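First the structure, in the form of structure tokens, and then the observations on it.
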Amino acid sequence: MKKFFKVIGIILGCLVIIVAGFLGYLKVAGMPSFSNVHRPNVKVDVTPERVARGRKIVSLLCYDCHFNPATNRLSGHYVADIPKAFGDIYSHNITGDKTNGIGNWTDGEVMYFLRTGIHKNNEYVPPYMPKFPNVSDEDINSIVAFLRSDDTLVAPNPAMDTVERPSLLALFLGRFVFKPLEYPKSPIAPPPANDQVAIGKYWSTGVIGCYQCHSADFKTNDEVYPEKSVGFFGGGNELKDFNGNPVYSANLTMDPDYGLGKWTQENFVHALRDGLRPDNTALPFPMARFPNLTDSEIVAIYAYLKTVPVIHNAPKKSAGYKYADANPTKGGEVYYHYGCYACHGQTGIGVCDLTHAYEKYHTNEELITWIKDPSKIIPGSKMPTWQGTIREEEFLPLAEYVRQLGQNRNIAKAQTAAIK
Ligand code: HEC
Ligand code: HEC
Ligand code: HEC
């Protein structure tokens, strides 16, 4: 019997050593590196048309992950909404800086990276930096032209990249599960200008990737052939809001019970352009409005969604919050009724920090001007437009409530300081 336990002990000991060795190997080996890469040898012509088109696409595709408010440039930052299981991930500086940005990458290196996920240093980068297999060649040229332009967003900035710390899971997946995509063998043409459905399909599956959030699960999405994704546009994918609470994506097929079957085209345009549902509640984070899309592009997406096979799937309902305060105010009710909390949180700290608004906007009028039409002040703002939705008499109490959020924070700070 003793001998038996000894043998088991030796086997277990060996297993532990093997597993530890394997984990150590993952850590040391890092992401796999590829040597047989054939990058295109091209120099993109930087024309004003391409720079304008590139700015639009970069605002849609790259801005959220690469824009750093501290530098006002695409200089990279900590990317909070990447699942923790992947480790601590920072996006990189993609301004024109020659040392810390991508000023010394060739156009071919940038293109190859965007298509395949293989970095200039030949290492594979997992899906926390997305790949763009279905964006047309001309739009890839436009992205590159914009990155090379003299736009302030990409003006050289010396911010150093923070080295990301991928978890063992990310390293394992990067080595054994995820694979770089193939560089396209034939040209990728843009959709024909007179084919509305093709244009809608291009925006919602080729460029923006609406389907990625709106199908069943990121794990079962097909990046190269989006329509093969499980539950294509049927919703139910579990996402996280900025507090880490689950939010489930909506069913965008034309199912009359659970999808958009009862929406009109106007409802759809209102949702994407202004960020509001038909009942004028706000689309919650991480869904945002798309102020960079024109109405005709949004209508094209709607036309395409009408051709997508209907899925009779009731996505789970996201929890939402209730307004509960010892001293409820009219402004608080408005803040919750229209769903400001969905992006700004209960304390005012969410997608941005609202608790300084009371200092930044000196009068209630200034604050109300912002809330009514943010895009007038920051073109392309992700915040919904509230003019015409919130009733006139509700704006003043709302503005006062927003001010109060900042003052509450100061009171809370003073109290903690006093306790210390
Ligand atoms: C979901 C977040 C996300 C989006 C969206 C995104 N990126 Fe990135 N990007 C990252 C992360 C994270 C890294 C760092 C990856 C690494 O090297 O490990 C990165 C790295 C890069 C790099 C390499 C820079 C360097 O010096 O290492 C380039 C170039 C780049 N991104 C360009 C783009 C462009 C262009 C777009 C839009 C078309 C885009 N990214 C969209 C997250 C993102
Ligand atoms: C980052 C993930 C994400 C992306 C990308 C995304 N959505 Fe959403 N979308 C969501 C979530 C989450 C909801 C909200 C579900 C809820 O109501 O709680 C939502 C809601 C919606 C709604 C409202 C549906 C309803 O029944 O209330 C529409 C319409 C919509 N999205 C369309 C789009 C379109 C079109 C695109 C691409 C242009 C897109 N979404 C891209 C996550 C996303
Ligand atoms: C879909 C998300 C979303 C919703 C809903 C939303 N906001 Fe915003 N809000 C933003 C974003 C993002 C910003 C940051 C500015 C920018 O990037 O456009 C912002 C900025 C602001 C600012 C300016 C802060 C500053 O420092 O300049 C105020 C004030 C504000 N929001 C108030 C509100 C109020 C009040 C509501 C409800 C009626 C509301 N927001 C609903 C996303 C949202």
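The values are calculated or read from the model by the stated rules, or taken from the named source; none is laboratory data. The shown structure was predicted, so the numbers you read here are calculated from the model rather than taken from an experiment. Cβ: placed from backbone, ideal geometry, glycine included. Neighbour counts: every protein chain shown. The area values use the complete protein model at the heavy-atom level, side chains included, leaving out ligands, DNA and RNA. Shrake-Rupley method; radii C 1.70, N 1.55, O 1.52, S 1.80 Å.
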Could you list, in sequence order, all residues of the stretch 291-317 that are open to solvent by less than 50 Å² (accessible area, probe 1.4 Å), more than 13 Å from ligand 3 (Cβ to nearest atom) and either on the phi > 0 side of the Ramachandran plot or touching a helix residue (DSSP H, G or I) at 6+ places or on another chain (Cβ under 9 Å) (or both)?
Leu293, Glu297, Ile298, Val299, Ala300, Ile301, Tyr302, Ala303, Tyr304, Leu305, Val308
Across the stretch 354-397, which residue is farthest from the chain's Cα centre (by Cα) among those that are among the β-branched types (Val, Ile, Thr) and open to solvent by 50 Å² or more (accessible area, probe 1.4 Å)?
Thr363
Look at the stretch 61-79 and say how many of its residues are in a loop (DSSP other than H, G, I, E, B) and either surrounded by 20 or more Cβ atoms within 10 Å (Cβ to Cβ) or not polar (S, T, N, Q) (or both).
9
Yes or no: the stretch 374-395 includes at least one residue that is modelled with pLDDT of 90 or more, of a type in the set (Lys, Arg) and not in a helix (DSSP H, G or I).
yes
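Just checking, does the stretch 161-173 include any residue being under 23 Å from Asn72 (Cα atoms) and surrounded by 16 or more Cβ atoms within 10 Å (Cβ to Cβ)?
Yes, that holds for at least one residue.
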Filtered residues of the stretch 173-199 (kept if more than 24 Å from the chain's Cα centre (by Cα) and charged (D, E, K, R)):
Arg175, Lys185, Asp195
Failed criterion for Asp279 (all others in (1) out of contact with any Phe, Trp or Tyr (no Cβ under 8 Å at 6 or more places or on another chain); (2) surrounded by 17 or more Cβ atoms within 10 Å (Cβ to Cβ) hold):
(2)
Apart from one, (1) of a type in the set (Gly, Ala, Ser); (2) in contact with a helix residue (DSSP H, G or I) (Cβ under 7 Å, 6 or more places away or on another chain); (3) within 16 Å of ligand 3 (Cβ to nearest atom) all hold for Ala288; the odd one out is (2)
Could you look through the stretch 264-275, keep only residues that are in contact with a helix residue (DSSP H, G or I) (Cβ under 8 Å, 6 or more places away or on another chain) and not β-branched (Val, Ile, Thr), and pick out the one that is surrounded by the most Cβ atoms within 10 Å (Cβ to Cβ)?
Leu272
Scanning the stretch 238-263 residue by residue, those closer than 18 Å to Lys382 by Cα and open to solvent by 40 Å² or more (accessible area, probe 1.4 Å) turn out to be Lys240, Phe242
